[in-house]
Structures are given as structure tokens and as C-alpha cells.
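Engineer: Mind having a look at this structure? Questions to follow.
Read-outs throughout are calculated quantities, based only on the coordinates presented, and are distinct from any laboratory measurement. Note that this is a predicted model, so its numbers are computed, not measured. Cβ sites come from the backbone with ideal geometry, for glycine too, and all protein chains shown count toward neighbours.
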Amino acid sequence: MNAKYALPAILACTCAATPTLADSPAQMVLRDGFDGTDFAPSGHLYYRDNFEQKAGAIEFQSEVKRTGPGALKLSVKPFCPPGKANCSERAEIWERTKYRVPYDQGVWYGFAVKFADPIPSGDHRYLIAQWKREIGPKAEGDFSPFLALRLNNGKLFATVETNYVAPTKKRKPKSDGEICGDGETPVWFRPDTNQMRALVATDNNWNDVDGAEFTSCTSAIKVINRGNKLPTPASGWIDFAIYSKPGPDGSGHIEIFANNKWIVSVTGHIGHADHGLGKNQYFKFGPYRAADTTVWTLYYDDFRRSPHCADVLPDPSLCPMK
């Protein structure tokens, strides 16, 4: 891990005390403002130091921040050898295993992110945050995140993944060019891997040429548009508040807020139920991409996690579930 610690040592003791582990980690309130020289005990986060993250760099710094005296700077540089298959470049922060939330329980997450210049604008795979299910040693396959915040062509969008659910009928584009009807969501079917990915939210710059893989429709995942788009990557700090409750059987529920605006509600089949998968969900954030040729940097601040919306959403009056 390439680590730099830019804040003076006096800030190292500003972190709150570690919360007591309740009967279920899902009942804990976790917070980290990244204001010291290491992760706060109250956040239960860590930088995973493994081969995939050798392209990454982490810095607790004070020059760019949203609140408080500091924020986290995460970068990835070119690392993958040319032509190497399935190679990725990451600088991701993980929840510690002991404090992960059971897969069948709902929990609220919050964090703020700021894109450093230059913002990647290519047709490429970039993720800034992802929610996944634990994968046990007996699981077979490569399982995509059940919820991900992504970047492509310089545009921000969100996807939801689940096990493959066959469409009820073949759709044809309507006169206005739309493929999907009422109650349906654009989806990328991948029956060969028993997965499918739905497009659930986009920023204002999204247009018809983006998301070329979402050419089919599903009624297994339903999206309610709350009248707001995701902020654009160049708009400055973006503060997310997200409710995560997987449900591969159709009981899943996701809420996405950004900068105190309600973006979408997502219900239905969310997540995976394959043999060998673990009992918990977990959250990762930080720049993740397939191999590329430039340095990519993101700043993060104000991480929080709670079973209660009011602990995470800046304006509790907007909470859809009290």
C-alpha cells in the first residue's frame, strides 16, 4: 500500500471511541470523517492490502475536504500488464468482516465523494462504490455487485444486479424509441452467468448512446423515479444516502438519495442466491477500474452507517421509512 499521512499527529486522537458491538452489527451506528491520520475506530473500515490494490494509493489529507479538518484521497495508477485478462486496478476501502450486516437485513449507508480532475471520460468500466454479498469457498462464478455506482463516458449511473429471471415476452421499441413499458426496467441479460444487470439511475448528461448493453426489459426489478437525476461528476462534492436490503427472492429494496434529493426507489429481485455465497452483505468504496493508462483520483468524506435513516440522511424529514 502506498500510504501518505499529511495531517499533524495532534489530530490522531480526534476520533470517537469504538461503539459497542450489539447483538447484530446491523444495529450499530458507524462513522468516520477521515479527520485523523488513520481510520477512526468508530467506522470499522480498512484499506485491503492485496495484489489487486497494488495499483492504489491512500492518503489522509487536509487540502480537499467536505467537512472537518480532513478527507480521504484514493487513487489508482496504471498497473496491469498489457493483455492480462481480468486484471483490475483498485484502491478500495472495506468494512471489517466482524461488523458486516446480514444479507437479509436492511441498513442505511452514507458517504460523500468528489471527483478530482481529470474526470475519466472514456468508454470504460469505472466504479466509485459497490455493495456485494460475501462469497464462500464453495461458490462458483464471478458475482457482480448487487448495487453499484458507476462511471462511463464521464457520466454517473447506478445499476442493480440479481440472478437471471427470464423475460415474460420479447419487447419491441415503442414509437418514442423507448424499449420498456410501464413497470419494466432496462436490463442486460446474462443467462450464461445466471445474472442480469438493471439500469436504475443516471445523471442529466445520459443519452441514447449510453448504456448500449441495456437493450432488454425486466419486470422483476421495479424502479420508481422520484423526480431527480444523479448529480454530474463535475458538480463537486456528492453526498449519497443509500438504503441497502438485498432480496434475490423478490423482497429486495433500495433507496438512493444524493445531495439531499430523492433519486429512485428500487424493489424486487436484488442480489444473488447461488450456492456457496455468504450470509452477509458488505460495502466497498474507492476507485475501481479495468486496466487503464492514466491516474484516477477520488476524495471521500463523511462515512456513516446506521439502521436508521435519520442518522444518515442530512434532512431526516425526507426519510421514506421512519
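Engineer: Quick check on the stretch 273-288: of everything there that is within 20 Å of the chain's Cα centre (by Cα) and surrounded by fewer than 22 Cβ atoms within 10 Å (Cβ to Cβ), which residue is nearest to E92 (Cα to Cα)?
Structural biologist: Going through the qualifying residues, I end up with K284.
Engineer: Taking the stretch 74-125 on its own, how many of its residues are more than 28 Å from P320 (Cβ to Cβ) and touching a His at 6+ places or on another chain (Cβ under 9 Å)?
Structural biologist: 2
Engineer: Within the stretch 305-322, which residues are in contact (Cβ under 8 Å) with a residue 60 or more places away in the chain and either surrounded by 20 or more Cβ atoms within 10 Å (Cβ to Cβ) or assigned to a helix (DSSP H, G or I) (or both)?
Structural biologist: R305, C309, D311, V312, L313, L318
Engineer: How many residues does the stretch 264-305 hold that are more than 21 Å from C87 (Cα to Cα) and β-branched (V, I, T)?
Structural biologist: Residues in the stretch 264-305 being more than 21 Å from C87 (Cα to Cα) and β-branched (V, I, T): 4 in total.
Engineer: When the stretch 44-81 is examined, which residues are found to be on the phi > 0 side of the Ramachandran plot and either in a helix (DSSP H, G or I) or within 19 Å of the chain's Cα centre (by Cα) (or both)?
Structural biologist: The one that is on the phi > 0 side of the Ramachandran plot and either in a helix (DSSP H, G or I) or within 19 Å of the chain's Cα centre (by Cα) (or both): H44.
Engineer: Within the stretch 273-304, how many residues are assigned to a loop (DSSP other than H, G, I, E, B) and not acidic (D, E)?
Structural biologist: Total satisfying the criteria: 7.
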